[in-house]
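The next block holds one structure in the form of structure tokens; read it before the comments.
Read-outs: derived from the displayed coordinates by stated rules, not from any lab. Note that the coordinates shown come from a computational prediction; the quantities given were computed from them, not determined experimentally. Here the Cβ positions follow ideal geometry from the backbone for every residue, glycine too, while neighbour counts run over all protein chains shown.
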Amino acid sequence: MSALYFSPMLLGLCLLLAIAVAATALWLVSRPIAGPGFWMTGSWTLIGGILLFIGFMLTGSPTLNVLGNAGQLAGEAIFLLGIFRFMGRPLPWWIVPLSAGTMAAFNIHYWIYAGNSDFLMGVYSTIAGLLPLQAIWLLMRAQDDVVTRPARLLVAFSLMIYSVVTLVRGALGYLDWWQQQPYEMPYASFSYLLSYNFAIPALVMGFVGVTLMTMQRILARSQYHAHAAQQSAQRFERLLSATSSGVAIVQADRIQDANTRLEHMTGRQRKDLIGLPVSLLFHQSSQPALITSLEHGSVRQLEVQALHQQEGVFSAEISLEPLGNDDDRILELRDISHHKALEAQLQSLATRDPLTGALNRRAFDQAVQPELARCERQAHSLSLALMDLDHFKQINDQYGHSVGDQVLQSFTRCCQQHIRASDRLARFGGEEFIILLVDTDSKAAMRLMQRLRQSVHQLQPDPAEANLSVRFSAGVTQWQAGDTLDSMVRRADRALYQAKDAGRDQICCWPPAKETIDHVDP
């Protein structure tokens, strides 16, 4: 094992693994360019074959030997197919089964008839050395792809080195077989390690070349699309200057032309938009109104749900007007999702207390009703806690209303940290707050309020006012059959007054909880 560690085989495997990872990344970033997918598949197949062969060296398994050699040749063949795919030439698929099958046949013969390992290595090297010849010829002779010529020559040169080294390795294997040299482990054999010292570096250089070819192809396509976009921009210059909305020319319910803004709004390229039924740009819920508008011939500021091909539905507004005397109509599409978001934000603000961010009383009442109905149906536990900040008027009088506001905000944040997402916190009055605790009985609610009470003792709303202390009193009650929000609030209010009468900074329950919770002094 140590000999394998210090041999070039491990380094070669690491280099091939790096190629496989890089080929995978190249395939991901270059789609849909043809070729990188074969390079990725071939690299991983080659690594799989090498790992199987290493397994053979460790275990002596004939099966691993046969699969490892065949897998390596199959990986090399698949990698070379990528060059044909990249160059747009017919794929010589036959090289994959022919190379792997030939090697497997010789390999099986070796194990059945106790053949010579040097001869077997010669067969492998001969097949591996001959495989790149077609690809080298294609790379050298291709004249119709001027953009990638420098990188193609680099790949051809690298594959030529790989082929020569591999064939030399095979020749040395045949020579050792002819001279009946004693068997050497692969990691100690000069001829076997020849490929790891020279052929694999050439393969790495070849992968650098195919990467450059791919990048050059991507750059060329980008330049082509940039030129096409420039021409399109010039063609629609007047249309673009007329409006910032997405605009399409519609005839017989199909798009005849479109501006760049409509491409952005729908996530579709102009070539894909032309000839497309206009209804496909809108959600099904908006299509009846759209069809009616198309039949009518015109519409102004119709609110619809439009579709972006990747991002989905967004709120939009369309106008449809006749264009000249023929059947052409101009469709103007405006994105109003931002306005809708503002409306939703305003709606949210209408349910929140502007100072603390807690629910306001109306929103709290709406949130409570479904929970009360659920309790009636399923008899779930539900508790309500009514809280009042102690001596809050004195805080305002002594420290000012700005500090009082900070106290309210700090208290709200502290409450939110202690309750669950399913619970509801609301500001019920000036310094009065209320919490709805779902699936919680009065005992659990009392424990929660005591923990909250201890946390509030540590609050420092204003660091400049070190002597400022925040305390609160609370009343807790649990839902009973037939309860409404008003009846629960009345009981919680009664418990709150008990807490105040007991000296404030207290938590009381009505009806009193069976479990007594000790008072924690501030």
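Note down the relative contact order for the chain as a percent, whole number, built from C-alpha pairs under 8 angstrom at least six residues apart. Provide the component values of the computation, followed by the final result.
Details: 791 pairs, mean separation 41.8, N = 522.
So the answer I get is 8 percent.
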> Magnitude of the Cβ-charge dipole of the chain, K/R +1 and D/E -1, about the Cα centre, nearest 20 debye?
Replying inline: 1020
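Evaluate E = 1/(1 + (r/R0)^6) for ALA25 and LEU219, where r is the Cβ-Cβ distance and R0 equals 22 Å; express this FRET efficiency to the nearest 0.05.
Numbers: r = 17 Å, r/R0 = 0.79.
E between ALA25 and LEU219, to the nearest 0.05, is 0.80.
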> Taking Cα pairs under 8 Å and at least six residues apart, what relative contact order does region 243-340 come out at, in percent?
Replying inline: 28
> If one computes the Cα centroid of region 107-152 and of region 324-400, what distance in Å separates the two points?
Replying inline: 71
>> Quick query: amide H of ALA258 versus all other amide H atoms, modeled in the peptide plane; which residues come in under 5 Å with a sequence gap of 5 or more or a different chain?
In response: ILE249
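Which length gain, in nm to one decimal place, applies between ALA341 and TRP178 when the Cα-Cα distance is subtracted from 0.36 nm times their residue separation?
Details: separation 163, 0.36 × 163 = 58.68 nm, distance 8.24 nm.
Answer, rounded to one decimal: 50.4 nm.
Which of the peptides 446-458, 20-32, 369-381, 63-75 is most tightly packed, and how do the rest follow, judged by the mean count of other Cβ atoms within 10 Å per residue?
63-75, 446-458, 20-32, 369-381
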> Cα centroids of region 245-297 and region 409-455: how far apart, whole angstrom?
Replying inline: 52
>> Going by average Cβ density within 10 Å per residue, which order do the peptides 167-174, 51-58, 286-293 take, highest to lowest?
In response: 167-174, 51-58, 286-293
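Under the rule of -39500 (n - 2.57) per DSSP H run of 4 or more residues, summed and divided by the residues of the chain, what mean residue ellipticity at 222 nm is obtained, to the nearest 500 deg cm²/dmol?
On the way: 20 runs with 305 residues, N = 522.
Only helices count here, giving -19000 deg cm²/dmol.
Count the lysine pairs in the chain that are 8 or more places apart or on different chains: how many have C-alpha atoms under 27 angstrom apart?
So the count works out to 4.
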> Which whole-number percentage describes the relative contact order of region 351-509, with Cα contacts under 8 Å and a sequence gap of 6 or more?
Replying inline: 29
>> Using each residue's phi in region 353-358, evaluate 6.51 cos²θ - 1.76 cosθ + 1.60 at θ = phi - 60° and report the 3J(HN,Hα) Karplus result to the nearest Hz, with x for Gly and Pro.
In response: 6, x, 7, 9, x, 6
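Between ASP397 and TYR497, what FRET efficiency follows from the Cβ-Cβ distance if R0 is 30 Å, with the result rounded to 0.05? Please report the intermediate quantities before stating the final value.
Values: r = 23 Å, r/R0 = 0.77.
FRET efficiency, ASP397 to TYR497: 0.85.
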>> Can you give the local net charge around ALA426? Use residues other than it whose beta-carbon is closer than 14 angstrom to its beta-carbon, Lys and Arg +1, Asp and Glu -1.
In response: -2
> Taking the Cα atoms of the chain, what is the range of coordinates along each of the three principal axes, in descending order and whole Å?
Replying inline: 109, 80, 51
